[in-house]
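Trainee: Below: one structure in structure tokens.
FYI, it's all coordinate maths here, none of it is from the lab. This is a predicted model, so every value here is computed, not measured. For neighbour counting, all protein chains shown are included, and Cβ atoms are generated from backbone atoms with ideal geometry for every residue, glycine included.
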Amino acid sequence: MNISQLKSFVEVVRSDFNITNAAEKLYTSQPTVSKQLKILEDELNVSLFNRKNNNLLSLSPIGEKVHHVACDILAQFDKIKSIVSHEDSTIKQNLHIATTHTQIRYKLPQVIERFNARYPNISLHFHQGAPAQIAEMVNNGDVDFAIATESMHLYDDLLVMPCYQWSRSIIVPHDHPLAQCEQLKIEDLAGYPLITYVFGFTGQFKARPSLLST
């Protein structure tokens, strides 16, 4: 039994037994929450829920007792974190972030400014690289997390959380044939040479920068 299992258990109850909603609030996946619940029940050797066709309906009698204690444990756990956080508030902390040139050059400066104003005791250290490189930095533990664009296939073993969306643009001279297209398609671009990102940055036209962590 561990804190993650108890958090999953309590959040599922708080989410009216909807595992998908609980997973979103915990910033994880539905299979992960389901696995945490199964491990918890297996370790306790009890059924914490009343089920119908594999759907969670309510807490079982023993589940209600366990839930009450689990809530108390998590409350005490939060108190411990609060005490430690207060003691460390005057100590300079380092946060290492891997990201691409585009993010650090154009998107993050204002975010960094606001972050520094709110958390003056945290020193930010940025590590630049291509998507494959920053994924490796996270996997190796060289950084705390990464902010990446596209190439989501590189991050199957990492937790990916979407931050925001942006759209790509096609830039051509005014007299270029593509300028006459009301709605561009991939087929329209196929006949022309392109200046674009190197391999590793390519992907869908609508990109979703994401936070990556282990």
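Trainee: When the expected Rg is taken as 2.2 N^0.38 Å, what fraction or multiple of it is the alpha-carbon Rg of region 1-73?
Mentor: Normalised Rg, Cα atoms only: 0.97.
Trainee: For region 1-153, what is the Kirkwood hydrodynamic radius in Å, using each pair of distinct C-alpha atoms? Walk me through the numbers before you get to the answer.
Mentor: Numbers: mean 1/r = 0.0539 Å⁻¹.
About 18.5 Å for region 1-153.
Trainee: Among the lysines, which have Cα under 18 Å from the Cα of LYS65 when same-chain residues fewer than 8 positions away are ignored?
Mentor: Output for LYS65: LYS7, LYS38.
Trainee: Only residues of region 115-147 count here: report those whose backbone N is under 18 Å from the spot 7 Å along Cα→Cβ of VAL84, or say none.
Mentor: 122, 144-145
Trainee: From the phi angles alone, apply the Karplus equation (6.51, -1.76, 1.60; θ = phi - 60°) to region 28-45 and give each ³J(HN,Hα) in whole Hz, x where the residue is Gly or Pro.
Mentor: Karplus-based 3J(HN,Hα) across region 28-45 equals 9, 9, 4, x, 5, 5, 4, 5, 4, 5, 5, 4, 4, 5, 5, 5, 7, 6 Hz.
Trainee: Can I ask one more? So what are the ³J(HN,Hα) numbers for region 64-72, from phi and the Karplus equation (6.51, -1.76, 1.60; θ = phi - 60°), rounded to whole Hz, Gly and Pro as x?
Mentor: Values, residue by residue: 5, 5, 5, 4, 4, 5, 4, 4, 5 Hz.
Trainee: Counting other Cβ atoms within 10 Å, keep those with at most 16, restrict to DSSP loop, and tell me which chymotrypsin sites (Phe, Trp or Tyr not before Pro) in region 13-75 are left. Provide the component values of the computation, followed by the final result.
Mentor: Numbers: sites: PHE17, TYR27, PHE49; in loops: PHE17, TYR27.
Sites meeting the loop and neighbour criteria: TYR27.
Trainee: Nearest 5 is fine: what % of DSSP beta bridges in region 39-148 come out antiparallel, could you say? Show your work: numbers first, answer last.
Mentor: Numbers: 4 of 14 bridges.
In region 39-148, DSSP labels about 30 percent of beta bridges as antiparallel.
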